[in-house]
Amino acid sequence: MSKIVIATHNPGKIKEFLPLLAPLGLEPISAGELGLPEPDETADSFPGNARLKALAAARASGLPALADDSGISIAALNGAPGIFSARYAAGDYPAAFARIIAAAQAADEWRAWFTCALCYALPNGTTATYIGEAHGRVSAPQGTAGFGYDPIFVPDGYAQSYAELGVEIKDTISHRARAFAQLRSRFL
């Protein structure tokens, strides 16, 4: 198995990456396990931030690296929080959920979408980026599985939130799964 650095310190992302990477024959190790610093996310897009993180991890470790930048966009918030999703929650997801639901109710606009940009980087600076989206709507929090905004996002074609669907379904329909499907074509 070839080693690959997953450029994150987020245990939820690591957990989601493991089954998605398994078919590729890659042995993941997180940037956190290696003690790598987290670069500032200064780009103005998901692909730009994913590239910053992947290149920093690849160059610091001397190994190929994979970084994800993802977030939720809410139509009632004119596409926010987008790349600022983690900062919008500031560690208090129930408060963020309440603000989002209040905005959706006030605007009577429930559409939302998740975006994931995956960037694969080599230590020499070569990169490839893959983008996946999942569209749906926001709802009152439902379910306890998953992480982040999963309890309030109901993907199109489903009645349950990401947090209720379970890994088996989420790993085939999510924004991250769609980006990984493109990445797999590079390796398989």
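The values are calculated or read from the model by the stated rules, or taken from the named source; none is laboratory data. Here the structure is a predicted model, which means the values were calculated and not measured. Positions of Cβ are backbone-derived with ideal geometry, glycine not excepted, and every protein chain shown enters the neighbour counts.
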Study note, to complete from the structure: For segment 15-37, pairs from a residue that is without any contact (Cβ under 8 Å) to a residue 12 or more places away in the chain to a residue that is in a strand (DSSP E or B), with Cβ under 7 Å and 6 or more apart or across chains, are L18/P28
Practice item. Check off (1) surrounded by 17 or more Cβ atoms within 10 Å (Cβ to Cβ); (2) at pLDDT below 95; (3) in contact with an Asp or Glu (Cβ under 8 Å, 6 or more places away or on another chain) for H9 and give me the number that stays unchecked. Key: (1)
Practice item. Could you run through segment 14-58 and say how many residues are out of contact with any Leu (no Cβ under 9 Å at 6 or more places or on another chain), surrounded by fewer than 14 Cβ atoms within 10 Å (Cβ to Cβ) and closer than 18 Å to A179 by Cβ? Key: 4
Practice item. Return only the number of the condition from (1) modelled with pLDDT of 95 or more; (2) touching a helix residue (DSSP H, G or I) at 6+ places or on another chain (Cβ under 8 Å); (3) assigned to a loop (DSSP other than H, G, I, E, B) that A112 does not satisfy. Key: (3)
Review point. Can you name every residue in segment 77-106 that is assigned to a loop (DSSP other than H, G, I, E, B) and closer than 21 Å to A140 by Cβ?
Key: A80, A90, G91, D92
Review point. Of a type in the set (A, V, I, L, M), over 13 Å from the mean Cα position of the chain (by Cα) and at pLDDT 95 or above, is that true of A57?
Key: yes
Revision key, fill the gap. From the option list F180, F114, single residue qualifying as hydrophobic (A, V, I, L, M, F, W, C), crowded, with 18+ Cβ neighbours inside 10 Å, under 25 Å from A22 (Cα atoms) and in contact with a His (Cβ under 7 Å, 6 or more places away or on another chain) is F114
Check your understanding: In segment 150-162, how many are in contact with a strand residue (DSSP E or B) (Cβ under 8 Å, 6 or more places away or on another chain) and closer than 21 Å to A96 by Cα?
Key -> 7
Check your understanding: Which of the residues that make up segment 146-188 are in contact (Cβ under 8 Å) with a residue 24 or more places away in the chain and assigned to a loop (DSSP other than H, G, I, E, B)?
Key -> G146, F147, G148, Y149, S174, L188
Check your understanding: How many of the residues in segment 144-161 are more than 19 Å from S70 (Cβ to Cβ) and modelled with pLDDT under 95?
Key -> 1
Check your understanding: Within segment 65-80, how many residues are in contact (Cβ under 8 Å) with a residue 12 or more places away in the chain and within 19 Å of I131 (Cα to Cα)?
Key -> 10
